[in-house]
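The values are calculated or read from the model by the stated rules, or taken from the named source; none is laboratory data. Remember, it's a predicted structure, so these values are computed and weren't measured experimentally. Positions of Cβ are backbone-derived with ideal geometry, glycine not excepted, and every protein chain shown enters the neighbour counts.
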Amino acid sequence: MSGLRELYQEVIIDHNKCPRNFCKLSGHSHYAEGLNPLCGDRISLYLDIQQDKIERVSFEGSGCAISTASASLMTEMLKGKDVEEAKKLFSVFHALLTGQEASDEGDDIGKLQVLAGVKEYPARVKCATLAWHALMDAMSGAETHG
Ligand code: ZN
């Protein structure tokens, strides 16, 4: 079990050190900001959604390792998903972090599993979900062209 935990930590450290899709997206269609005042995490999330499909996604910001790694992993997961799939992924991920059983069996959250350990630290759950809340805000917001 400790080996698995170490592997999880390695993934988080890696994504914190070298966040994926860490840039401003030119020509994005949706945008949102997220702030977690408890920890000082900030994120700007950019989406390019075409016909309900997330074609491109990126983020910028600064924060703790958990918030950065979670945002980085999220952008990897979202590419090519449609809006409904992204919303479902959020609810499965949120359930995982708040210790609820996922409603559907067999939901594949892939690498997001590495963040499951956060549920033992309730104060850090907001760090791990910050990017996801920004995602939900961005998807529900009006289209912006920037
Ligand atoms: Zn944080």
Complete set of residues in region 51-86 that are among the hydroxyl-bearing types (Ser, Thr, Tyr) and within 16 Å of the ligand (Cβ to nearest atom): Ser62, Ser67, Thr68, Ser70, Ser72
Could you tell me which residue of region 33-50 is surrounded by the most Cβ atoms within 10 Å (Cβ to Cβ), considering only residues that are more than 16 Å from the ligand (Cβ to nearest atom) and more than 13 Å from the chain's Cα centre (by Cα)? Ile49
Of Ile54, Ile49, Ile12, the only residue that is part of a helix (DSSP H, G or I) and among the β-branched types (Val, Ile, Thr) is Ile12
Total residues in region 57-99, condition assigned to a helix (DSSP H, G or I) and either touching a Ser or Thr at 6+ places or on another chain (Cβ under 6 Å) or within 15 Å of Arg20 (Cα to Cα) (or both): 14
Just one of Leu73, Leu25 is at pLDDT 95 or above and within 13 Å of the chain's Cα centre (by Cα); which is it? Leu73
Hits in region 20-32 - residues which are closer than 25 Å to Ala123 by Cα and either within 16 Å of the ligand (Cβ to nearest atom) or among the basic types (Lys, Arg) (or both): Arg20
Of the residues that sit in region 117-142 and are away from the ligand (no atom under 15 Å from the Cβ) and in contact (Cβ under 8 Å) with a residue 24 or more places away in the chain, which one is nearest to Ile12 (Cα to Cα)? Leu135
Note: among Leu25, Leu73, just one is more than 24 Å from Val114 (Cβ to Cβ) and among the aliphatic types (A, V, I, L, M), namely Leu25
Go through region 15-32 and report how many residues are surrounded by fewer than 12 Cβ atoms within 10 Å (Cβ to Cβ) and assigned to a helix (DSSP H, G or I). 1
With Leu7, Leu78, Leu97 as the choices, which residue is over 18 Å from Thr144 (Cα atoms), surrounded by 15 or more Cβ atoms within 10 Å (Cβ to Cβ) and either modelled with pLDDT under 95 or in contact with a Pro (Cβ under 6 Å, 6 or more places away or on another chain) (or both)? Leu97
